[in-house]
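Notes to accompany the following structure.
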Amino acid sequence: MSGVLAEAAQRGTQVGFHTKVGVRWSDMDVFQHINHARMVTLLEEARIPWLFEDGLPTVTLRDGAVIADLHVRYRGQLRHDDGPLDVLMWIDQIRAVDFTIGYEVRAGGADPVSAPSIVASTQIAAFDIDTQRLRRLTAPEREYLSRWHRV
């Protein structure tokens, strides 16, 4: 992922993790906007520095996590020239074995309070590879995720 800028963003009372994600020429489809499958990949690339980098309590999810649900709503087009995209993420819900991430995606340089082009959510469940079963989130994982929870 190129040009990642990870920072805690505080917009009024809305807590979130803000990052930039580069757009590749191959991310566009024949209609010259970012293809749906590629948008799902860009959302994945956005959450890596927030959840899966060394030193974070949630790095343990690299060893076992599954996508349980995914929703992507398109409210506007995004094209290659709109990159790098601005992605804001937060935690919508935390439960015993899973959590749900909310996303807002805007063109690079767009006003942070403007309507997002993409609104999405991903439900991620902690998974034990050895037992092939869901596992409970650990206390450190829950505490870290709770810092990003919007109420």
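Quick look at the values:
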quantity: Checking A110 against (1) closer than 26 Å to M28 by Cα; (2) open to solvent by 40 Å² or more (accessible area, probe 1.4 Å), the condition it does not meet; calculated: (2)
quantity: Residue match in the stretch 134-150 (condition: among the polar types (S, T, N, Q), free of Cβ contacts under 8 Å to residues at least 12 places away in the same chain and farther than 30 Å from H33 by Cα); calculated: no
quantity: Test for T60: is it outside any helix (DSSP H, G or I) and either surrounded by fewer than 17 Cβ atoms within 10 Å (Cβ to Cβ) or in contact (Cβ under 8 Å) with a residue 12 or more places away in the chain (or both); calculated: no
quantity: Test: residue in the stretch 71-78 that is touching a residue at least 12 places away in the same chain (Cβ under 8 Å), hydrophobic (A, V, I, L, M, F, W, C) and within 18 Å of G16 (Cβ to Cβ); calculated: yes
quantity: Residue in the stretch 90-107 that is of a type in the set (A, V, I, L, M), closer than 25 Å to A37 by Cβ and more than 15 Å from the chain's Cα centre (by Cα) present; calculated: yes
quantity: Residue tally, condition of a type in the set (S, T, Y) and either modelled with pLDDT of 50 or more or touching a strand residue (DSSP E or B) at 6+ places or on another chain (Cβ under 6 Å) (or both), over the stretch 1-40; calculated: 2
quantity: Matching residues, the stretch 92-105, being over 14 Å from E45 (Cβ atoms), open to solvent by less than 20 Å² (accessible area, probe 1.4 Å) and not aromatic (F, W, Y); calculated: D98, G102
quantity: Selection from the stretch 25-40 of residues that are touching a residue at least 12 places away in the same chain (Cβ under 8 Å) and either small (G, A, S) or open to solvent by less than 80 Å² (accessible area, probe 1.4 Å) (or both); calculated: S26, D27, M28, H33, I34, R38, M39, V40
quantity: Residues satisfying the stated conditions in the stretch 63-91, i.e. open to solvent by 20 Å² or more (accessible area, probe 1.4 Å), touching a His at 6+ places or on another chain (Cβ under 8 Å) and under 17 Å from R142 (Cα atoms); calculated: W90
quantity: Any chance A120 is open to solvent by less than 40 Å² (accessible area, probe 1.4 Å), more than 22 Å from D27 (Cα to Cα) and either part of a strand (DSSP E or B) or of a type in the set (F, W, Y) (or both); calculated: no
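The values are calculated or read from the model by the stated rules, or taken from the named source; none is laboratory data. Predicted model only: the values in this text are computed from it and were never measured. No Cβ is skipped: glycine too gets one built from the backbone with ideal geometry, and neighbour counts run over all protein chains shown. Only protein heavy atoms, including side chains, enter the accessible area calculation; ligands, DNA and RNA are left aside. Shrake-Rupley method; radii C 1.70, N 1.55, O 1.52, S 1.80 Å.
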